[in-house]
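The values are calculated or read from the model by the stated rules, or taken from the named source; none is laboratory data. Keep in mind that what you see is a predicted model, and the values were worked out from it rather than measured. Reconstructed Cβ throughout: ideal geometry from the backbone, glycine too, with neighbour counts over all protein chains shown.
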Amino acid sequence: MKTHRYGHSVSLERYRVGPLSPYIDAFATLLLQAQYAPNNIRHLIRVVTDLSLWLQRCRTDVSRLDERTLARFLKARQRYDPVRRGDAAAVRKMLELLREQGVAQTVRPRKDSRACHPTEEDFERFLRQERRLSLASVLNIMPFVREFLDERFSSGHVALKELRAADVTGFALRRAGRLGPKRAGIMVWALRSFFRFLRLRGLTDTDLAGAVPTVPQRRWSSLPKFIDADKVEQLIKSCDRHTATGRRDHAILLLLARLGLRSGEVAALSLEDIDWQTGVICVRGKGSRIDRLPLPEDVGRALVAYLRRGRPRCATRRVFLTTRAPVGPFTGQSSVGCIVTRAVKRVGLDPAHKGAHLLRHSLATGMLRRGASLAEIGELLRHRHPDTTVIYAKVDIDALRVLAQPWPEE
């Protein structure tokens with residue numbers, strides 16, 4: 001068998017031991033493709049070799065390898081070698097490789113203890129196909145519907161005609177006490193949508209949506225979290241553009257500060273979304289909405305610098321990738337928020353909000369102070385409803401001071 005080599009001149013021959021030996025070469029190839037450093041590759045292969053020898057000592061067949069077995073191995077290994085960051089991910093990657101090759105059994109998701117009521121399935125289908133809601137929205141809504149049906153019909157027999165307003169109000173009040181304001185608002189919206197659906201389908205005699213209590217809206221009780229324009233420029237200039245990570249972070253901060261993109265929109269940006277000839281960028285926003293925005297010159301230059309001298313080679317078409325192994329697209333929008341948080345710390349700022357939305361709010365506030373109308377701000381931020389933009393009117397203190405009435409003297 002041909003010796004597979006990684007890094008410089010280190011052979012895999014001595015690591016081909018135990019029941020996992022036939023898969024060591026494929027595992028090393030995965031690490032190379034993920035652009036791990038040679039020293040990290042050596043260590044992670046050693047961890048998998050330890051797993052192979054442990055399986056041999058325990059007389060455990062590879063086909064029985066699962067997450068529980070990996071947890072037992074890591075606990076046993078910690079007795080003689082402290083578990084380092086990435087060790088658990090390495091053995092999980094080996095398990096995924098074995099499952100892809102049909103060696104280890106694939107874990108099937110557990111089914112709920114109770115059978116899903118046909119109305120739940122119809123409602124979920126209604127949300128996806130007729131309401132055109134995203135998967136994330138559906139996943140936020142359906143748990144509240146299931147909890148309500150489980151609590152009201154604990155016996156298992158679902159009789160929707162027996163539902164009363166007191167059932168709905170009682171459930172909402174009990175759940176709201178354990179939820180935050182935002183989550184409680186989602187619960188109210190989910191229940192009202194479900195009961196309107198039931199009435200529309202003729203499954204209930206009355207519209208029970210009105211029995212769902214209203215969650216107090218406190219959106220007007222505070223100002224939008226923002227920083228001044230000069231501090232935004234400090235954040236942007238704090239990136240070290242002599243490094244690949246700095247060039248990536250510089251481009252991301254410019255997209256957030258100049259175009260007001262959301263963190264998820266930045267993470268989802270693909271190479272095809274940038275039209276270099278016309279200077280337009282395609283933004284995939286909430287609810288499958290697609291908008292085309294002009295690409296500012298400084299943002300375009302930052303993107304070119306990153307794509308030419310910062311972006312790692314990778315099969316994915318996403319624009320922004322991780323700079324540390326495993327190299328690939330961001331796993332979620334929180335990665336973009338962390339880039340803003342690190343920049344805020346670098347310049348020594350301490351705003352109330354440190355995530356990606358800080359720059360979105362700062363852009364809107366700066367536009368308002370320079371004389372832009374709320375309609376123009378809403379168009380740039382791509383708000384669906386004017387009420388979403390009205391919140392920025394509160395930051396115009398000079399205009400609000402004219403409206404303020406003097407306190408009556410005694």
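Against the numbered list (1) surrounded by 13 or more Cβ atoms within 10 Å (Cβ to Cβ); (2) in contact (Cβ under 8 Å) with a residue 12 or more places away in the chain, ARG16 comes up short only at (2).
Going by the conditions given, is ALA364 of a type outside the set (S, T, N, Q), surrounded by 14 or more Cβ atoms within 10 Å (Cβ to Cβ), in contact with a helix residue (DSSP H, G or I) (Cβ under 7 Å, 6 or more places away or on another chain) and within 30 Å of GLN33 (Cβ to Cβ)? Full working, then the answer.
Numbers: of a type outside the set (S, T, N, Q): yes; surrounded by 14 or more Cβ atoms within 10 Å (Cβ to Cβ): yes; in contact with a helix residue (DSSP H, G or I) (Cβ under 7 Å, 6 or more places away or on another chain): yes; within 30 Å of GLN33 (Cβ to Cβ): no.
Answer is no for this residue.
Suppose the filter is part of a loop (DSSP other than H, G, I, E, B), at pLDDT below 90, over 18 Å from VAL283 (Cα atoms) and of a type outside the set (D, E, K, R); does PRO326 pass it? So PRO326 fits the description; yes.
Is it the case that ARG218 is within 30 Å of ASP350 (Cβ to Cβ), over 21 Å from the mean Cα position of the chain (by Cα), at pLDDT below 90 and surrounded by fewer than 19 Cβ atoms within 10 Å (Cβ to Cβ)?
It is true that ARG218 is within 30 Å of ASP350 (Cβ to Cβ), over 21 Å from the mean Cα position of the chain (by Cα), at pLDDT below 90 and surrounded by fewer than 19 Cβ atoms within 10 Å (Cβ to Cβ).
Going by what's in this entry, would GLY328 be described as surrounded by 15 or more Cβ atoms within 10 Å (Cβ to Cβ), out of contact with any helix residue (DSSP H, G or I) (no Cβ under 8 Å at 6 or more places or on another chain), small (Gly, Ala, Ser) and in the same structural domain as CYS239 (by TED's automatic domain parsing)? Working first, answer last.
On the way: surrounded by 15 or more Cβ atoms within 10 Å (Cβ to Cβ): yes; out of contact with any helix residue (DSSP H, G or I) (no Cβ under 8 Å at 6 or more places or on another chain): yes; small (Gly, Ala, Ser): yes; in the same structural domain as CYS239 (by TED's automatic domain parsing): yes.
The answer is yes for GLY328.
Does ARG183 satisfy the condition of being loosely packed, with under 13 Cβ neighbours inside 10 Å, in a helix (DSSP H, G or I) and not acidic (Asp, Glu)? First the steps, then the outcome.
Values: loosely packed, with under 13 Cβ neighbours inside 10 Å: no; in a helix (DSSP H, G or I): yes; not acidic (Asp, Glu): yes.
Considered against the rule, which asks whether it is loosely packed, with under 13 Cβ neighbours inside 10 Å, in a helix (DSSP H, G or I) and not acidic (Asp, Glu), ARG183 comes out as no.
Please tell me if ARG311 is part of a loop (DSSP other than H, G, I, E, B), of a type outside the set (A, V, I, L, M, F, W, C) and surrounded by 20 or more Cβ atoms within 10 Å (Cβ to Cβ).
Details: part of a loop (DSSP other than H, G, I, E, B): yes; of a type outside the set (A, V, I, L, M, F, W, C): yes; surrounded by 20 or more Cβ atoms within 10 Å (Cβ to Cβ): yes.
Judged against the criteria, ARG311 is a match.
Return the only residue of ASP273, ASP298, ASP249 being surrounded by 22 or more Cβ atoms within 10 Å (Cβ to Cβ), among the charged types (D, E, K, R) and in contact (Cβ under 8 Å) with a residue 40 or more places away in the chain. Please lay out each step first, then the result.
Numbers: ASP273 fails: surrounded by 22 or more Cβ atoms within 10 Å (Cβ to Cβ); ASP298 fails: surrounded by 22 or more Cβ atoms within 10 Å (Cβ to Cβ).
Result of the check over ASP273, ASP298, ASP249: ASP249.
Does ARG68 count as in the same structural domain as SER52 (by TED's automatic domain parsing) and out of contact with any Ser or Thr (no Cβ under 6 Å at 6 or more places or on another chain)? Steps first, please.
Values: in the same structural domain as SER52 (by TED's automatic domain parsing): yes; out of contact with any Ser or Thr (no Cβ under 6 Å at 6 or more places or on another chain): yes.
When the stated conditions are applied, ARG68 passes them.
Tell me, yes or no, whether segment 291-302 has at least one residue that is modelled with pLDDT of 95 or more, basic (Lys, Arg) and either outside any loop (DSSP other than H, G, I, E, B) or within 16 Å of ARG248 (Cβ to Cβ) (or both). Among the residues of segment 291-302, at least one is modelled with pLDDT of 95 or more, basic (Lys, Arg) and either outside any loop (DSSP other than H, G, I, E, B) or within 16 Å of ARG248 (Cβ to Cβ) (or both), which makes the answer yes. Scanning segment 314-323 for residues being within 19 Å of the chain's Cα centre (by Cα) and surrounded by fewer than 17 Cβ atoms within 10 Å (Cβ to Cβ) gives a total of 3. ALA159 falls short on exactly one of the conditions (1) touching a residue at least 60 places away in the same chain (Cβ under 8 Å); (2) not assigned by TED's automatic domain parsing to the domain that holds LEU358, and that condition is (1).
If we keep just the residues of segment 163-177 that are loosely packed, with under 12 Cβ neighbours inside 10 Å and at pLDDT 85 or above, which is farthest from GLY210 (Cα to Cα)? Checking each candidate, the answer is ARG174. Would you be able to say whether some residue in segment 294-312 is within 22 Å of the chain's Cα centre (by Cα) and among the small types (Gly, Ala, Ser)? Within segment 294-312, none of the residues are within 22 Å of the chain's Cα centre (by Cα) and among the small types (Gly, Ala, Ser).
Scanning segment 340-360 for residues that are part of a helix (DSSP H, G or I) and not aliphatic (A, V, I, L, M), we see that the one that is surrounded by the most Cβ atoms within 10 Å (Cβ to Cβ) is ARG360. Within segment 239-258, the set of residues being over 13 Å from LEU363 (Cβ atoms) and within 25 Å of the chain's Cα centre (by Cα) comprises CYS239, ALA244, THR245, GLY246, ARG247, ARG248, ASP249, HIS250, ALA251, ILE252.
Just one of the numbered conditions (1) farther than 24 Å from ASP291 by Cβ; (2) surrounded by 16 or more Cβ atoms within 10 Å (Cβ to Cβ) is not true of LEU374: (1).
From the list TYR80, TYR36, the lone residue that is among the aromatic types (Phe, Trp, Tyr), part of a loop (DSSP other than H, G, I, E, B) and free of Cβ contacts under 8 Å to residues at least 24 places away in the same chain is TYR80.
Note on segment 90-106: residues that are part of a helix (DSSP H, G or I) and without any contact (Cβ under 8 Å) to a residue 12 or more places away in the chain amount to 3.
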